[in-house]
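*Asks:* So that we are looking at the same thing, I have put the structure below in structure tokens.
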Amino acid sequence: MSKLLSTITITSVAVASVIGGGIYLTSTQGVRDNSAVANDAHTATLASVWDRETEPNYTGTKDLNVYRSPTCGCCGVWLEHAQKHGFKVEDIKTEDMEALKQKYNVPPELSSCHTTIVDGYVMEGHIPVDDIKRFMTEKPEGFIGLAVPGMPLGSPGMEARDIKQPFQVLAFNQSGEVEVFNEYESY
């Protein structure tokens, strides 16, 4: 990835983080089906649609090494998502995400803002952790990981009230070949 593309990607991540985080942390007026509000005004918080656990019987490894830029706020929200689902997260902040993605063979077109390593597999971006659990249970032959390219609004860590962009979770192999692992249209 060229230095210019890397700079553009980092800038895009920062802008999306500010926009998404700003919307996520604002008042709950207008919150629709992707969030819930506590009944008590003193404890009112947003609860993400991603808080629902669909893979509760997962018994595989729960240790995640998450690499991210020190300035990325949406990555921190994704870390919270993983922790709510029982994962133990080691938060590793680094300025050299490009080299890390190259080391783990993340194709540039699948790139996102953070890279997670779990039991030798690569999880790129804002993947719902239930998809990580399913992948780690099935361990599809020939695939080295999953990716949610970019930063789709509505994905875990990128919640923005009722804005939900459709997105795909993609499985990829060592050669960069891709297959759709899961799709989110209406969630």
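*Asks:* Filter the stretch 162-187 for residues that are touching a residue at least 60 places away in the same chain (Cβ under 8 Å), surrounded by fewer than 20 Cβ atoms within 10 Å (Cβ to Cβ) and not in a strand (DSSP E or B) and give the result.
*Replies:* Residues satisfying the conditions are Asp162, Gln174, Gly176, Tyr187.
*Asks:* With respect to Asn57, is the statement that it is surrounded by fewer than 17 Cβ atoms within 10 Å (Cβ to Cβ) and modelled with pLDDT of 85 or more true?
*Replies:* The answer is yes for Asn57.
*Asks:* Separate question: With the condition kept exactly as written, say whether any residue in the stretch 1-10 is of a type outside the set (Asp, Glu), modelled with pLDDT of 50 or more and either touching a Phe, Trp or Tyr at 6+ places or on another chain (Cβ under 8 Å) or open to solvent by 40 Å² or more (accessible area, probe 1.4 Å) (or both).
*Replies:* Among the residues of the stretch 1-10, not one is of a type outside the set (Asp, Glu), modelled with pLDDT of 50 or more and either touching a Phe, Trp or Tyr at 6+ places or on another chain (Cβ under 8 Å) or open to solvent by 40 Å² or more (accessible area, probe 1.4 Å) (or both), which makes the answer no.
*Asks:* Assess whether Gly142 counts as being at positive phi, open to solvent by less than 10 Å² (accessible area, probe 1.4 Å) and touching a strand residue (DSSP E or B) at 6+ places or on another chain (Cβ under 9 Å).
*Replies:* Judged against the criteria, Gly142 is not a match.
*Asks:* Another one. Which numbered condition in (1) modelled with pLDDT of 95 or more; (2) open to solvent by less than 50 Å² (accessible area, probe 1.4 Å); (3) under 21 Å from Glu185 (Cα atoms) is the only one that Leu64 fails?
*Replies:* (3)
The values are calculated or read from the model by the stated rules, or taken from the named source; none is laboratory data. Bear in mind the structure is a predicted one, so any value in this text is a computation, not a measurement. All Cβ positions, glycine included, derive from the backbone under ideal geometry; neighbour counts span all protein chains shown. We work out accessible area using only protein heavy atoms, side chains counted, and drop any ligands, DNA or RNA first. Shrake-Rupley method; radii C 1.70, N 1.55, O 1.52, S 1.80 Å.
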